[in-house]
Amino acid sequence: MNTTLVPSVLLLIVFQIAHVQTIQNMLVGLVRPGVFRHITCRNSVYPRSNVTRYPVPDKFVFWTVNYEGYSPPCYTAGHIGGQSWADEPLPSEKNQPHWNHNDDIVNRVSFHGEYQIKDGLPQNPIGRTGLCGRGLLGRWGPNHAADPIVTRWKRDDKAEFVWHKTSGKKILQMVAIQRSDNKLWAIPGGMVDPGENVSVTLKREFTEEALNFADKGNMVEQFFKEGGVHVYSGYVDDFRNTDNAWMETTALNFHDEEGTKVGQLQLNAGDDATNVRWTDVDANLKLHANHADILQEVVAMRNAHW
């Protein structure tokens with residue numbers, strides 16, 4: 001062994017680890033209370049209802065800014081009541097959730113630190129949405145999801161990499177589903193069940209929403225077991241968010257470098273998706289919520305075309 005190469009190799013490894021960590025921290029730094037202003041969950045009619053959100057201009061998003069006269073309507077969808085995956089109505093003398101903690105098997109901890117409680121209800125850490133209540137969400141406070149970003153390199157008929165003519169970089173492809181609720185393309189994620197490990201959620205949601213297959217189970221199991229690269233944990237600018245309930249997610253990138261594993265599978269839309277496809281990734285891709293921002297971190301990490 002040539003020992004003169006050891007310092008250089010170690011230096012390269014340290015650099016690569018630091019680079020990945022920097023990528024993972026970029027979006028977390030961007031989407032944080034007092035800096036990030038959500039857009040999707042403001043100034044609109046709440047989905048699957050006729051309830052109009054109270055207007056929230058940009059300058060009044062943050063709770064630290066006084067918004068005299070702010071009087072949002074309260075709405076929780078009728079079908080939420082009595083569901084096993086949903087909380088009881090609040091405020092309540094009998095029901096006192098342990099805010100900012102793991103409450104029995106329900107994770108009420110936000111990735112953005114401690115959130116405030118006002119009049120017995122948790123406050124969205126990003127700010128006002130123009131609506132109180134839970135809307136379509138089951139939990140008061142953070143509703144935790146998991147998003148598996150499954151990628152491969154785009155290849156031609158000869159299995160050669162496809163390079164973008166302008167950037168000179170390889171083109172990345174991701175598995176995207178078309179959501180049945182708002183018809184937007186998205187990462188095929190879903191809610192973390194109470195007490196469930198996030199890694200289990202990632203595999204389950206990808207299988208249910210993008211594959212819907214009866215075979216190849218062992219290969220998919222192994223592909224996800226090998227692990228993904230953590231990309232983001234935090235707030236999602238979801239159209240269902242309210243002042244008292246909001247979406248947060250953990251996103252991991254599972255990359256099929258050779259395109260010989262999941263990259264070869266036939267995709268089939270599951271019950272929660274209208275369509276599914278391998279999608280070329282670039283800056284013009286329009287996705288649900290802030291999924292495009294999360295995906296951009298994967299692009300930077302893979303040094304792919306954007």
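If you scan the range 95-123, which residues turn out to be hydrophobic (A, V, I, L, M, F, W, C), crowded, with 17+ Cβ neighbours inside 10 Å and not in a strand (DSSP E or B)? Once the filter is applied, which keeps residues that are hydrophobic (A, V, I, L, M, F, W, C), crowded, with 17+ Cβ neighbours inside 10 Å and not in a strand (DSSP E or B), the range 95-123 yields TRP99, VAL109, PHE111. Evaluated against (1) in contact with a Gly (Cβ under 9 Å, 6 or more places away or on another chain); (2) part of a strand (DSSP E or B), THR242 falls short on exactly one condition, (2). Determine the pairs where a residue that is modelled with pLDDT under 95, located within the range 50-64, has a partner that is surrounded by fewer than 18 Cβ atoms within 10 Å (Cβ to Cβ) and not in a helix (DSSP H, G or I) with Cβ atoms under 7 Å apart, the partner being 6 or more residues away or on another chain. If the second residue must be surrounded by fewer than 18 Cβ atoms within 10 Å (Cβ to Cβ) and not in a helix (DSSP H, G or I), no pairs are left. Here the strands (runs of 3 or more DSSP E) wholly within the range 125-203 that include at least 2 residues being closer than 30 Å to THR64 by Cα, in contact (Cβ under 8 Å) with a residue 12 or more places away in the chain and out of contact with any helix residue (DSSP H, G or I) (no Cβ under 8 Å at 6 or more places or on another chain) are 132-135, 141-153. Scanning the range 234-257 turns up no residue that is out of contact with any Cys (no Cβ under 8 Å at 6 or more places or on another chain), of a type in the set (Gly, Ala, Ser) and open to solvent by 10 Å² or more (accessible area, probe 1.4 Å).
Quick one: is ALA304 in contact with a Lys or Arg (Cβ under 8 Å, 6 or more places away or on another chain), assigned to a loop (DSSP other than H, G, I, E, B) and either over 30 Å from CYS74 (Cβ atoms) or not aromatic (Phe, Trp, Tyr) (or both)? Criteria met by ALA304.
Scanning the range 38-46 for any residue that is under 30 Å from GLN296 (Cα atoms), at pLDDT below 95, touching a Gly at 6+ places or on another chain (Cβ under 7 Å) and assigned to a loop (DSSP other than H, G, I, E, B) turns up at least one such residue. Checking each residue in the range 212-233 for being crowded, with 23+ Cβ neighbours inside 10 Å and not hydroxyl-bearing (Ser, Thr, Tyr) picks out only VAL231.
The values are calculated or read from the model by the stated rules, or taken from the named source; none is laboratory data. Everything numeric here is computed off the predicted structure, so don't read it as measured data. Counting neighbours? That spans all protein chains shown, and the Cβs are built from the backbone with ideal geometry, glycine included. In case anyone asks, the SASA skips ligands and DNA or RNA and just uses the protein heavy atoms, side chains included. Shrake-Rupley method; radii C 1.70, N 1.55, O 1.52, S 1.80 Å.
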